[in-house]
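Where a number appears in this text, it was derived from the coordinates with a stated rule and is not lab data. Quick caveat, the model's predicted, so the values are computed rather than measured. Backbone-built Cβ (ideal geometry, glycine too); neighbour counts: all protein chains shown.
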Amino acid sequence: MAYLPQFENDIFISYPRVANAVDGWVDDFCTILAASLAERLGRDVKIWRDVDDINGSDAWRDQIARAVGSAGVFIPLIVPGYFERDECLKELDQFLGEMKRARDGGRALMPVYKLPADEPGQVPHELKDLGHHEFFTGQDPYYRPLDHVEDKSAYWGRMARVATDLKIALKQLKGLQPPPVGKVFVACCSPALHNEREQLRAALRQHNIRVVPEREYLWNTDGVGQQVMNDLSGALLSVHLVAREGQKGYAPPARERLQLELAIRQHESGALPEPLVWLQGSAPTDPERAALLHEIGHDFANRGADLLEKSFQELETQVLATLAPVIAAAAVPPPARVAVLVEAADIDEIATLQRLLAPHRLETRLIGFGGNEPEDAGQLAALERKCSHVIVLWGAAPPSWVEQRLDSAELATLVRAGRVGVLLCGKPSIAKSGFAPAAVAAFNALKGPVDAALAAFLGAPGGSP
């Protein structure tokens, strides 16, 4: 069963066969991703990908189309040639259509690059405008994919970022994750400090704060200054990590200077708090970076930059303390948990219940049954302790199945407390029309809207129980 009740599949992974044929890279990626998400979400997610040979038949194409249409998140695994393969393009185009039809953030797209695309111009603007994840290293033309054993630190760091971003996306799709409370500009920095930037980014994302820029700027384009200004606009704070040590083949002083200069201008105009500039403490100063460090310590400091020569942990603490009022103001209580008991024959009716529960901030725990046997007996045994309410979904299941659920020992305490309800949906029947239990609430969606009655059962309309 998917983590997202409104979808059959949580994630669809699109990739060309060649991305997996030589090294099994896609197999490893999917296995590690599934385990990382399960660890973060506390339960498995349902990932769909093609694992059989594509034979070009209409039946196979229909199966892929159904899987794309029933997925909440689409991950294109991009390698050279991805945008030249008909099957990959069809999958991507179908999902883009699904996203446009949803219009309300009801689906998410997250590109992952095993290797760069052949030509940047091949990448559709819908993907260019998104944050993406890169699992390759090296320089053109000697790129190579990261290996989870050989490149352990880099690979697992990037996997942690993918899993965290997917966790947030899945919770947003499930209605449990509110929109970001704001954004923080964390300047692009020397590769020597990429790990520190990722650590700060992860800490901010944990507090539902968006971090920009999401990827490196195209520094040699005419509009790079405007891109930096766009990211600075409306930011709660700007943070600049400045390395003392040099990095062979990388000459960032002008890039770091540009970002800090524009942040200072925003501060001088009153549009941005004073920029926080963290100076790498232990490394000796590289001669090529001496001029930038001198300028930071004098000109930029005199114009309002707050220079921090302390440990990185102290910087992280100061950033979060600065943002604490915003984080506290946006804090909301954890969502109430509502268990939904559903027999296998009624899986298709879950979408009906999900629409009814959408106005409420609730976390639904689906407990599926195959006849009278639950798929997860542990979840059923923990109902009273873990969930505030229980809804029994009754569509095509026989009346005896509903009666046995209501008479079960696991629901006894919740029934006495008036916290168990039955949603009647699917096709009308004599049994449903005469259903009038004394101890539980009944919501007959077959006779008309039940929104108000369901809201009263769960608590105040639109609120938590």
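So for Arg365, Arg303, fewest C-beta neighbours within 10 Å to most, what's the order?
Starting with the residue having the fewest Cβ neighbours, the order is Arg303, Arg365.
For the pairs Lys100/Lys174; Lys128/Lys167; Lys128/Lys152; Lys114/Lys167, note any where the Cα-Cα span goes beyond 25 Å. Could the numbers behind the result be given before it?
Working: Lys100/Lys174 18 Å; Lys128/Lys167 22 Å; Lys128/Lys152 28 Å; Lys114/Lys167 21 Å.
Result: Lys128/Lys152 exceed 25 Å.
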Gain in span if fully extended, Glu216 to Lys128, counting 0.36 nm per residue against the direct Cα distance: 30.5 nm
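Listing Phe74, Phe12, Phe435 from the residue with the fewest other Cβ atoms within 10 Å to the one with the most, what is the order?
Lowest count first: Phe435, Phe74, Phe12.
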Paramagnetic reach from Gln63 in region 13-30 [backbone N under 20 Å; point 7 Å along Cα→Cβ]: 13-21, 26-27, 30
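What per residue convex hull volume, in Å³, do the alpha-carbon atoms of region 208-351 yield? List each step's numbers first, then the result.
Numbers: hull volume 31.0 nm³, N = 144.
Each residue corresponds to 215 Å³ of Cα convex hull volume.
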Spacing of the two label points (7 Å from each Cα toward its C-beta) at Arg355 and Arg85, in nm: 3.7 nm
Separation of alpha-carbon centers, region 253-294 and region 5-77, rounded to whole Å: 43 Å
Sites His194 and Arg337, calculated FRET efficiency, Cβ-Cβ separation with R0 51 Å, nearest 0.05: 0.85
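Taking 0.36 nm per residue of sequence separation and subtracting the Cα-Cα distance, how much length would be gained by fully extending the chain between Ala254 and His294, in nm to one decimal? Display every interim value, and only then the final one.
On the way: separation 40, 0.36 × 40 = 14.40 nm, distance 1.35 nm.
Using 0.36 nm per residue and subtracting the Cα-Cα distance, I get 13.0 nm.
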Over the chain: helical MRE at 222 nm, DSSP H runs n ≥ 4 each giving -39500 (n - 2.57), nearest 500: -11500 deg cm²/dmol
Estimated FRET transfer efficiency when R0 is 30 angstrom, pair Arg303-Arg161 (beta carbons, to 0.05): 0.35
In range of the label at Glu274: residues from region 211-242 whose backbone nitrogen is under 16 Å from the point 7 Å along Cα→Cβ: 237-240
Difference of contour (0.36 nm per residue) and Cα-Cα distance, Ser311 to Asp93: 73.8 nm
Distance from region 362-404 to region 191-222 (C-alpha centre basis), Å: 43 Å
Fewest-first sequence of Thr364, Thr285, Thr221 by Cβ atoms within 10 Å of each Cβ: Thr221, Thr285, Thr364
Pair Ser429, Ser400: separation of 7 Å Cα→Cβ label points (nm): 1.2 nm
Thr31 versus Ala202: modelled label distance in nm, points set 7 Å from Cα along the beta carbon direction: 2.3 nm
For region 241-318, with +1 on Lys and Arg beta carbons and -1 on Asp and Glu, the positive-most of Leu272, Leu308, Leu292 along the dipole: Leu292
(i) 48, 28, 18; (ii) 39, 24, 22; (iii) 36, 28, 21, with the label sought being that of the calculated semi-axes √(5λ) of the Cα gyration tensor in Å: (i)
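Between Arg43 and Asp118, what FRET efficiency comes out of the Förster formula 1/(1 + (r/R0)^6) with R0 = 45 Å and r the beta carbon distance, rounded to 0.05?
Values: r = 39 Å, r/R0 = 0.86.
The calculated FRET efficiency here is 0.70.
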